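Colleague: Got a structure for you, questions after.
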Amino acid sequence: MNGRAVCFERIAAVVGDRGIDGLVNNAGITVQDPLEHLSLDDLRWQLEVNVTGQLAVTQAFLPLLRKARGRLVFTSSIAGRAPGLPFVGPYSASKAAIEQLADALRVELMPAGIQVALIEPGSIATPTWEKGDATFDDLVAALPPEARERYGAAMDRARKLASATGRRGIDPVKVARKIEHALTAKHARARYLVGNDARARAFIEAPLPERLRDKVVARTLGLSSKR
């Protein structure tokens, strides 16, 4: 018997015929690297945790959600909705995949009365940012010399921008309150943007012409064409 089946049997034994009123898929990690040099094992790890794992949990608990006509909530990110940024491509790809899974599930589960919602935060004030700073030197050191020459300076700029944004991040309680609302409102919205930077990326960056947006990001990080 696989681990998912064992987990489901244990939970089912506790809740019995009542089912569960809500499931929040919140697990997530961040894999960073230039895609040119990204280890495929690291990419698989990113997707396994952020995408495959969340679908596995959803599948395991859907029988209990059906019994109670419960809610299904995914913690995504503005990164899954806005155009991707350099060096966090694996993370952005995983969040975009979560958005697509949730969109499909929202329609597939309508006959069961199960509402599906996505939470799309921007930066959140958590220890993740300090952890990223602590491991950045190791990340760059692990790159081959030509990759450090091509991307090292731009990665450092991206790290500093991310750290500054993280220090201005919203209180995690605000995200928790939005999740609570998605679980308890009579009619859950499909998506909930959380935080000023999330709203800014959604309404300013996303509608920009793609080539213009790319040039702005590249210039900010020092990746502009040398032609």
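All of the numbers you see were taken from the coordinates with simple rules; none came from a lab. Source: prediction; values computed, not measured. Glycine also receives a Cβ, built like all others from the backbone with ideal geometry; neighbour counts cover every protein chain displayed.
Colleague: How do the peptides 20-33, 181-194 rank, highest first, by the average count of neighbouring beta carbon atoms within 10 Å per residue?
Modeller: Top of the packing list down: 20-33, 181-194.
Colleague: Using modelled amide H (1.01 Å from N, peptide plane; none on Pro or chain starts), what sits under 5 Å from the amide H of Ile124, excluding residues fewer than 5 places away?
Modeller: Ile170
Colleague: Any idea which of Leu183, Ala79, Gln54 is furthest toward the positive side of the dipole for the chain, if Lys and Arg beta-carbons carry +1 and Asp and Glu beta-carbons -1?
Modeller: Of Leu183, Ala79, Gln54, it is Leu183.
Colleague: Check Arg71: other-chain or 5+ apart residues with amide H under 5 Å from its amide H, H built from backbone geometry?
Modeller: Residues meeting the criterion, in which the H sits 1.01 Å from N, are Gly22, Leu23.
Colleague: Could you work out how far helix 3-15 tilts from the main Cα principal axis of the chain, as a 0 to 90 degree angle to the nearest 10?
Modeller: 50
Colleague: State the percent of C-alpha pairs, over all pairs in region 3-221, separated by a distance greater than 28 angstrom.
Modeller: When every Cα pair of region 3-221 is considered, 35 percent fall beyond 28 Å.
Colleague: In terms of modelled amide H atoms, which long-range or inter-chain residues lie less than 5 Å from the amide H of Leu193?
Modeller: Glu120
Colleague: Additional query: Determine the dipole magnitude for the chain: charges of +1 sit on the beta-carbon of Lys and Arg, -1 on that of Asp and Glu, nothing else is charged, the reference point is the Cα centre, and the result goes in debye to the nearest 20.
Modeller: Dipole of the chain, to the nearest 20 debye: 900 debye.
Colleague: Do the alpha carbons of any pairs in Lys67/Lys95; Lys160/Lys215; Lys174/Lys215 sit beyond 26 Å of each other, and which pairs?
Modeller: As for pairs spanning more than 26 Å Cα to Cα, those are Lys67/Lys95; Lys174/Lys215.
Colleague: Then there is this: Can you tell me the relative contact order of the chain? Whole percent, Cα pairs under 8 Å, sequence separation 6 or more.
Modeller: Once divided by the residue count of the chain, the mean separation gives 22 percent.
Colleague: When the helices in the chain are scored as -39500 (n - 2.57) per DSSP H run of 4 or longer and the sum is shared across all residues, what 222 nm value do you end up with, to the nearest 500 deg cm²/dmol?
Modeller: Taken over the chain, the calculation gives -17500 deg cm²/dmol.
Colleague: Work out from phi, with θ = phi - 60° and the Karplus expression 6.51 cos²θ - 1.76 cosθ + 1.60, the ³J(HN,Hα) of each residue of region 46-57, listed in order in whole Hz, and give x for Gly and Pro.
Modeller: Along region 46-57, the couplings run 4, 6, 4, 6, 7, 10, 4, x, 5, 5, 4, 5 Hz.
Colleague: Apply the Karplus curve 6.51 cos²θ - 1.76 cosθ + 1.60, θ = phi - 60°, to the phi angles in region 139-145 and return the couplings in whole Hz, x for Gly and Pro.
Modeller: Listing the rounded values in order: 4, 5, 5, 6, 6, x, x Hz.
Colleague: On to the next question. In the Gaussian network model of the chain, springs joining C-alpha atoms below 10 Å, which of Ser39, Ser76, Ser92 carries the largest mean-square fluctuation?
Modeller: Ser39
Colleague: Then there's this: Between Glu205 and Val107, what is the label-point separation in nm under the 7 Å Cα-to-beta-carbon projection?
Modeller: So the label points at Val107 and Glu205 sit 2.8 nm apart.
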